[in-house]
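These notes concern the structure reproduced below.
The values are calculated or read from the model by the stated rules, or taken from the named source; none is laboratory data. Predicted model only: the values in this text are computed from it and were never measured. When we count neighbours, we look across all protein chains shown, and the Cβ atoms used for this are built from the backbone with ideal geometry, even at glycine. Surface areas here come from the heavy atoms of the whole protein model, side chains and all, with no ligands, DNA or RNA. Shrake-Rupley method; radii C 1.70, N 1.55, O 1.52, S 1.80 Å.
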Amino acid sequence: MVSPAIALAFIPLLLTIIIRCRYYFVLFYRAVLVRIWKDCVTGLSREERAYQYVLTHATPGDPESILDTFDVWCSKVEFISNIGPKKGKILDRLLMEQSPLTVLELGAHCGYSTVRIARSLPLGARLYSLEMDARNAVIAEKIIRLAGFDDDTVELIVNPSDEVIPLLRSDYGLERLDFVFMDHWKKCYLPDLQMLEGSGLLGKGSMIVADNVLFPGAPKFLRYIRKSGLYEWKVHRATLEYSKGIRDGMAELVYQGIK
Amino acid sequence: MEEEEEERNTKKKKKHGSAKREREEREEDGGKRTVKEKAREGRRRKHKRVETSSEPETSEEDELKEETEESDVRPESLTPEELEMLKEAVEEKKKLVQGLRGKPWPMKKKLVTLRESQEFVEKYEGALGKGKGRKLYAYKVMMSKKWMKFQRDFENFKTACIPWEMKIKEIESHFGSSVASYFIFLRWMYGINMILFCLTFGLVMVPEALMGRPYGTIPRKTVPRAEAPSAMDFAVLWDFGGYAQYSVLFYGYYNNQRAIGWLKFRMPLSYFLVGVGTVAYSYMVVIRTMARNANESGVGDDNSFNFSWKIFTSWDYLIGNPETADNKFASITTSFKEAILEEQESRKDDNIHLTRFLRVLANFLVLCCLAGSGYLIYFVVRRSQKFALEGLETHTWWERNEVNMVMSLLGMFCPMLFDVISALENYHPRVALQWQLGRIFALFLGNLYTFIIALMDEINLKREEEKIIKFNITTWEASLYNATGSENSTAPPVTFHPADVPRGPCWETMVGQEFVRLIISDTMTTYITLLIGDFLRAVLVRFLNYCWCWDLEAGFPSYSEFDVSGNVLGLIFNQGMIWMGAFYAPCLPALNVLRLHVSMYLQCWAVMCCNVPQERVFKASGSNNFYMAMLLVILFLSTLPAIYTIVTIPPSFDCGPFSGKKRMFDVIQETLESDFPAWFSKVFSYASNPGLVLPFILLMVLAIYYLQSTSKSYKEANVDLKKKLQTQNEENKRKNKLAALKAQTDLEEARAATQTAERPKNNNASPQRQHAEEEEDLGSSQRKNGRPPPSVRHQDGRPPATRAPVPRTLHPETHRSLGYLPGGGFPQQREPRMHRVPSLQRH
């Protein structure tokens, strides 16, 4: 039988842990508990709820307004791990500098990042967006069309990335990818990157941007790019989307090829 | 340096003939040329000189050089004049090497020059002198070189002799000076404990073990019959009972015999004096170190020109091994980071009201936390007293060890909470460290004093017990005496085995045991936290990272940082316990030396293997004195209870070196009476008369006051002088700037003039010459650009007193005169020569 005094002595430890990890607790509450609760109450999926909110609050045809509405929903109502406004700014800047003509996006989720990329593309550029989940893809399609991007600009492919990447050259007639944005399963970052290398779609100067490399994190991916020597790379340090205290990073890779 | 040299050169030029000037010039800029080139050039110049019709002496000299080159150092074949010449050249080279550092050349050129000059000197130095003399000369040179090498090796050896120096340097280069300061402190503490250990071991433990009565002769040196069966059990020994209790390790074992062995060693006196001596020595060392540190920090002029200092003086040119160079590189980078951070910190200004509010809030929270922990400990101590009254056997292990557990748990967790709270305050890390130290200090102090109060209660209990036992023993002895005496008065008294003799509780040994146990449990806690908190965590983070859903290394648990404040305080409080308990347990310094030794290696390893450098590295050299101040406070606070017990509580009647005396310090009086002549004790009694002591104390206070006020006035004078120097500096800078500006305009004018004068000459000159002309332009422009260096170097905070301001104002003139020596021919001849060589080589 442990005496109560010894148990009381653990209070400082408990307090320390609570304070240290408060952001993670908040995140857990918003991303998991609230989601389960709302799923039970409304009977809709999280993405559908987000779509409803966007539909009722945003101006159709205006990507800016759609993005803002998304940000409001994600920070005030519920949590969806989009790229978020802060890291989005970095992404916008990279796109502006690069002005790529062929862009591949892995993991469209519900279309936030697709809209974000598509709006800063130059004229005549084409964005291929991959989404594995069919239900999410439906939402993403709606959001993209709502933002006013047609089939010529954005092509949504509903398939897992490891199936699509080998077919990009043959089925979609791509010669070279100028820009790749990765925001799907963190475990797939590395195999997909290697697949892209193998497919020969990356040329000198192609840029690959991978979100969430620190939290939830893709350690294998980071280790690989550190070692491979094919890339010039850096990690943009930022915080997790819609949360202040959790550190996260976005990796920016520029393919250099074998020298 | 450079200016001086050139000045000197110009002076010489004025004095000597043109030949000398010529050679000197060549020597000065001859860095790029090996002797061979010189010879070649000389030949070339000879051909050319036909057209330019220069001085004949130079050509002669060149021929000579050529000759020496071709003959490949055969000094026997040289004439005395040639030798003289060679000697002079060697001297020049040496001078060049010496003054090289001040030359405004690129580093590459300097290096090349240095190497070539050294080669030249090495080659021709031995050639000087003739026959025997030459050999002697060569021998001398060789010896001087050997000597230098030996000196360098000796320096290395000296560094290697400082214990753990390389380890600490390595840590410093990786973790910054704050972590290194902890290890330096640890080393310092180790040194002090070593001396304390030598004192107690050499003057108390060893004499008693060798010369005192052996184990088992008298009751205090024997395990009692009741405890004998379990006296060798590990559990008992681990608690320092059984055989460990009845050994030299503890106070109770010592006999009150006045002199022991054939040496007539005064054991009780020695025991007392060592006890006093350890404390006195500690006070002395701590205060002396504090004073020295204060001196160092007071004089330092680091604040101005910080970055220039770092840029120009950071690298250690003596480093010879690549690993050390890497470390040095890392450490310089770290120190730059520190400096930049410091600069940023000093520039920062935020919302002051918000910060103030947050700071007050943080302090409030910390106070709440302290009060809570204090109450908890108080509660636990009260409860444990209640348990002790009821009898410990009826309670569980948890309840019996409640006080220790709660104390160590609070000591472990509360600092973590403080750390989290201090994030609110937004202090500079060094200040934050001091706050953190202060808070943990308060916490530990509370814990320690609660412990002492509990001990005091126990001492009182033991003394009550002692009274009863004393009474019992007298009745026991009386009954014994009666039993033997009534039968037969002449029969020898019945002897009892010492283990059977009843004895008192001996509170001194009890106190010693408590302290030893505390030290042991503290050490265990430290090592276990180190192994679990750092090592296990590092292992988990490293290897679980392969199969975890987020990045453990960069993300949440990460590797731990080295906790400087906690470790320093642990060390300081540990030392306080040693000081407190050393009188009652002479083994404590030995234990502490062991502990420090182990923790030095363990922590060095742990910090290099499982910790990451702090995110905000900072300079902690200033905090050394803070540690010292805390140590002093702890020293005072820990000697207080020890002295109190020594002075007020009478020693136990049947154990320890002072048994049978009223007070422990009576031993001094006893020695004075019996070991010294009568007059001495008389003098002593006079001297200890309050009428003499009070004036003496008064005098001391006055002296201290006087010294303090003088030191204050010196400090003020220092500050004033510093200010003066600074203003003077600024003035000089201004003057220099003006002079430089003037010199520049003059130079430009002069160049324009010479160019217009030369234009017609250029037309019929060879293309080579034209090239040289360009080169000259380049060179002069370089010279022009090279103007700023004096002022720049002046800025970087060299102690201004070393450079007299007067010659500096002269420099521009000398420069100018160098830049365009009137008479046209000379500068052009000189500059082209300087630059033509490489261009020719290129062709």
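Values computed for the structure shown
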item	result
Pick from the range B:354-394, criterion in a helix (DSSP H, G or I) and among the small types (Gly, Ala, Ser), ranking: farthest from the other protein chains (Cβ to nearest Cβ)	B:Ala388
Residue in the range B:526-563 that is nearest to the other protein chains (Cβ to nearest Cβ), counting only those that are buried (at least 19 other Cβ atoms within 10 Å of the Cβ) and modelled with pLDDT of 85 or more	B:Val541
Strands (runs of 3 or more DSSP E) wholly inside the range A:171-257 containing at least 2 residues that are closer than 17 Å to A:Leu106 by Cβ and touching a residue at least 24 places away in the same chain (Cβ under 8 Å)	A:177-182, A:202-210, A:247-255
Selected residue (criterion: most open to solvent (accessible area, probe 1.4 Å)) from residues of the range B:207-254 that are of a type in the set (Gly, Ala, Ser), in a loop (DSSP other than H, G, I, E, B) and in contact (Cβ under 8 Å) with a residue 40 or more places away in the chain	B:Gly216
Test: residue in the range B:576-591 that is open to solvent by 20 Å² or more (accessible area, probe 1.4 Å), closer than 24 Å to B:Leu445 by Cα and either within 14 Å of another protein chain (Cβ to nearest Cβ) or at pLDDT below 80 (or both)	no
The range B:396-409, residues that are assigned to a helix (DSSP H, G or I) and at the interface with chain A (Cβ under 7 Å from one of its Cβ atoms)	B:Trp398, B:Glu399, B:Glu402, B:Met405, B:Val406, B:Leu409
The range B:161-201, residues that are over 14 Å from the mean Cα position of the chain (by Cα) and modelled with pLDDT of 85 or more	B:Cys161, B:Ile192, B:Asn193, B:Met194, B:Ile195, B:Leu196, B:Phe197, B:Cys198, B:Leu199, B:Thr200, B:Phe201
Filter result (touching a residue at least 24 places away in the same chain (Cβ under 8 Å) and more than 14 Å from every other protein chain (Cβ to nearest Cβ)) within the range A:31-50	A:Val34, A:Arg35, A:Lys38, A:Ser45, A:Arg46, A:Glu47, A:Glu48, A:Arg49, A:Ala50
Number of positions in the range A:196-233 that are of a type outside the set (Ser, Thr, Tyr), over 19 Å from the mean Cα position of the chain (by Cα), more than 14 Å from chain B (Cβ to nearest Cβ) and surrounded by fewer than 23 Cβ atoms within 10 Å (Cβ to Cβ)	11
Filter result (open to solvent by 80 Å² or more (accessible area, probe 1.4 Å) and within 54 Å of the chain's Cα centre (by Cα)) within the range B:461-481	B:Leu461, B:Glu464, B:Glu465, B:Lys467
Cβ-Cβ under 8 Å pairs, at least 6 apart or on other chains, the range A:8-30 side more than 7 Å from chain B (Cβ to nearest Cβ) and aromatic (Phe, Trp, Tyr), far side in a helix (DSSP H, G or I) and open to solvent by 80 Å² or more (accessible area, probe 1.4 Å)	A:Phe25/A:Ile18
Selection from the range B:694-717 of residues that are open to solvent by 90 Å² or more (accessible area, probe 1.4 Å) and under 16 Å from B:Ala294 (Cα atoms)	B:Leu707, B:Gln708, B:Lys712, B:Tyr714, B:Lys715, B:Glu716
Filter result for B:Asn156 (outside the structural domain of B:Gly566 (by the TED database) and over 16 Å from the mean Cα position of the chain (by Cα))	yes
Helices (runs of 4 or more DSSP H) (entirely within the range B:107-198) containing at least 2 residues that are of a type outside the set (Phe, Trp, Tyr) and loosely packed, with under 13 Cβ neighbours inside 10 Å	B:107-125, B:131-161
Residue list for the range A:35-54, filter: farther than 21 Å from A:Glu131 by Cα and loosely packed, with under 15 Cβ neighbours inside 10 Å	A:Ile36, A:Trp37, A:Asp39, A:Cys40, A:Val41, A:Thr42, A:Gly43
Complete set of residues in the range B:410-442 that are touching a Ser or Thr at 6+ places or on another chain (Cβ under 6 Å), facing chain A (nearest Cβ under 9 Å) and surrounded by fewer than 20 Cβ atoms within 10 Å (Cβ to Cβ)	B:Met416, B:Val420
A:Lys87 being part of a helix (DSSP H, G or I), away from chain B (no Cβ under 14 Å), among the basic types (Lys, Arg) and touching a strand residue (DSSP E or B) at 6+ places or on another chain (Cβ under 8 Å)	yes
Test result for A:Tyr53, away from chain B (no Cβ under 14 Å) and assigned to a helix (DSSP H, G or I)	yes
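Residue-wise test of (1) over 27 Å from the mean Cα position of the chain (by Cα); (2) at pLDDT below 85.
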position	(1), (2)
B:Gly622	no, yes
B:Tyr627	no, yes
B:Met630	no, no
B:Val633	no, no
B:Thr648	yes, no
B:Lys661	yes, no
